[in-house]
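Below: the structure, in structure tokens.
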Amino acid sequence: MLKIATRIKHRGTSTLPGLMLMLFCHTAFSTAIIEGERMHPELGTRGMVVTSHFLATASAQEVLKSGGNAIDAAVTAAFSLAVTQPRSGNIGGGGFMLLSSEKRSEVVAIDYREKAPSSAHADMFLDQHGEADKQASRFSHKSAGIPGTVAGLALALEKYGTISLRKAMAPAIKLAQHGFPVTPRFSKGLKAAEKRLKKWPASTRHFYKADGSYYEPGDLFVQKELAATLKRISANGASEFYEGKTAELLVSEMQRHGGLISMQDMKSYQPVIRKPIHGNYREYDIYSMSPPSSGGVHVVQILNILEGYPITELGHNSAQTLHLMTEAMKYAYADRSRYLGDEDFVNVPLKGLISKEYARSIQEMIDPNLVTASKTISPGQPTGYESNETTHFSIVDQHGNAVSNTYTINFSYGSGITVEGAGFLLNNEMDDFSTKPGTANAYGLIGGAANKIEPGKRMLSSMSPTIVKHNGRNFLITGSPGGSRIITTTLQVIMNVIDHGLNIQSAVAAPRMHHQWLPDELRIEEGISPDTIKKLEDMGHVVKQKSAMGAIQSILIKDGIMYGGSDPRRSTSLAAGL
Ligand code: GLY
């Protein structure tokens, strides 16, 4: 500790979230920096919370301070995000939580992904010409899957937590009841989504002032109906959401507007505890989400392919490294289009997809200097059978527990539809199914029959909450929003740490790239050098610089010190240690 103490300096927080948190809490707050580091991760020895909203970080940090474990803090963070970040934080959506316990030497996954209602069917989003009706799959009441968030969080707390649901939800209820200051990001988001949200009276009332004007930075945003819903859940448990007044409000909303979710659908929703995908990369163990997410499978598959190359020597974001990453990604996303879906309904060749042997067969097809056009790549033949606005947080405690959680309502503000009288948004996750096999979804992802709509099935996801272990100890906790870019964003933070030795804040902030097979373009963020881009183009890549990708909230643990890296791509992100 002494050695560390001499390396750590404390300074007053100068970040926007830090300043806003100071104003909100009226308490001094400090961020740790390490001398000599280019980017400063936050430090802790007794716990670390990294979320995309500083108030959710503060609420979860308080739980850890008062003796709660990482799971308790995670449930508090998730409910707090549902209040402070309604564009993605939610109780009307679903997600995945990975939990690692060093004491029990186990990593488990809680799947609380939404499910298709019992009256859903494969052709429900086809118009009279047999074409995919995007309006219906994305912005109608039919676009909502049965929400899983409340059941998933309650299960996590009951099985692995130490505090009551009432205690875990108290900070969220307070934030909804008394309000919180609007940030520039919050205000900008609602202005951008105005057309979509104002189609629905309940959304208009909820997200805009009584005269229809905008909430501006610094205004207080109060959500009385959401507070009442959260209070009912806190008092009566998750069954309130699935069988009580909240379920009745949601089902009435469906009935008034031609939606499909019934009381029976709500009542029968169950989250599932699953075995995560497990692979290894160099001397590290990688645990990530199993189907119905495609995330874990393809993070491990791409790492397996890249393990065959001297990535460290080739260098961080060099043309050669980016070329190899791009080619590996194309093969993985081609396989995603054919094989991935909800394993409760279809056989996914998991064993084959994540095998080293299959990765070697792909390495043989990769030319180290030349592009292979996506149109010449098709899904492979793995053998061995055994799945844009989203938000991720990572939390660790001093007892060896780590939580990596990603949850979503799909688009920013989901379908835009607020449940009348209940104050929360409905997801539009049904668009993550292959509404018409072979047709791209909102993220340009092509899906196949494995991901067709079936009653009670979970739609394929890319969410990749990941925990990397080293010598049996929790090492890296990470995950991101970003639709199809989630997999590649998560992959890059893993490589930035393992191959390139970046500290966690630098690993999170470094410019990223993405290729998803189709469209055949290498997408990059600002910050890749022009001569690197030129070299990539000379190899045959179609390079396109586009907006920032993902918002990866990560923790690295080394020699007992917890390093938090929050993503600067989200101005409200905050890492806080204790
Ligand atoms: N809705 C985005 C995903 O689950 O991948």
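The values are calculated or read from the model by the stated rules, or taken from the named source; none is laboratory data. What you see is a predicted model; the values in this text were computed from it and never measured. As a convention, Cβ positions derive from the backbone with ideal geometry for all residues, glycine included, and neighbour counts pool all protein chains shown. In case anyone asks, the SASA skips ligands and DNA or RNA and just uses the protein heavy atoms, side chains included. Shrake-Rupley method; radii C 1.70, N 1.55, O 1.52, S 1.80 Å.
How large is the translational diffusion coefficient of segment 288-339 in µm² per second when you combine the Kirkwood radius over alpha carbon pairs with Stokes-Einstein at 10 °C and 1.306 mPa s?
Details: Rh = 11.6 Å.
Translational diffusion coefficient: 136 µm²/s.
Going by average Cβ density within 10 Å per residue, which order do the peptides 397-403, 49-55, 544-550 take, highest to lowest?
Values: 397-403: 22.3, 49-55: 31.7, 544-550: 16.1.
Top of the packing list down: 49-55, 397-403, 544-550.
Hey, quick one: spin label on A373, modelled 7 Å out along Cα-Cβ, who in segment 489-526 has an amide N within reach, i.e. under 17 Å?
Of the residues in segment 489-526, 517-522 have backbone N under 17 Å from the label point off A373.
How large is ³J(HN,Hα), in whole Hz, for each residue of segment 318-333 in order, when computed from phi with the Karplus curve 6.51 cos²θ - 1.76 cosθ + 1.60 and θ = phi - 60°, using x for Gly and Pro?
Using θ = phi - 60°, the values come out as 6, 4, 5, 5, 5, 4, 5, 4, 4, 5, 4, 4, 4, 5, 5, 5 Hz.
Taking a threshold of 26 Å on the Cα-Cα distance, which of the pairs K103/K267; K134/K452; K351/K457; K142/K436; K134/K195; K330/K351 fall above it?
Working: K103/K267 35 Å; K134/K452 15 Å; K351/K457 22 Å; K142/K436 16 Å; K134/K195 17 Å; K330/K351 19 Å.
In this structure, K103/K267 lie more than 26 Å apart at Cα.
Which distance in Å, rounded to a whole number, links the C-alpha centroids of segment 169-241 and segment 398-467?
21
Please identify the GluC sites (Glu not before Pro) of segment 245-295 that satisfy two criteria: DSSP loop assignment and at most 15 other Cβ atoms within 10 Å. Which are they?
Answer by residue number: E283.
For Q398 paired with D531, estimate the spin-label separation in nm (one decimal), with each label point 7 Å from Cα along the Cα-to-Cβ line.
5.0
Using the Karplus equation 6.51 cos²θ - 1.76 cosθ + 1.60 (θ = phi - 60°), what ³J(HN,Hα) coupling, rounded to whole Hz, does each residue of segment 302-312 give in order, writing x for Gly and Pro?
Here the 3J(HN,Hα) series is 5, 4, 4, 5, 6, 4, x, 10, x, 4, 4 Hz.
What does the highest-first list of 154-167, 409-422 look like by mean Cβ count within 10 Å?
Ranked by mean Cβ neighbours within 10 Å, highest first: 409-422, 154-167.
Can you divide the C-alpha Rg of the chain by 2.2 N^0.38 Å and report the result to two decimal places?
Normalised Cα radius of gyration, the chain: 0.91.
Can you order the peptides 531-543, 57-69, 140-152 by their average number of other Cβ atoms within 10 Å per residue, highest first? Walk me through the intermediate numbers first.
Numbers: 531-543: 16.2, 57-69: 22.0, 140-152: 26.5.
Packing order, densest peptide first, comes out as 140-152, 57-69, 531-543.
Show K375, K224 ordered by accessible area, largest first, where the area counts protein heavy atoms only and the probe is 1.4 Å.
Details: K375 185, K224 120 Å².
Largest accessible area first, the list is K375, K224.
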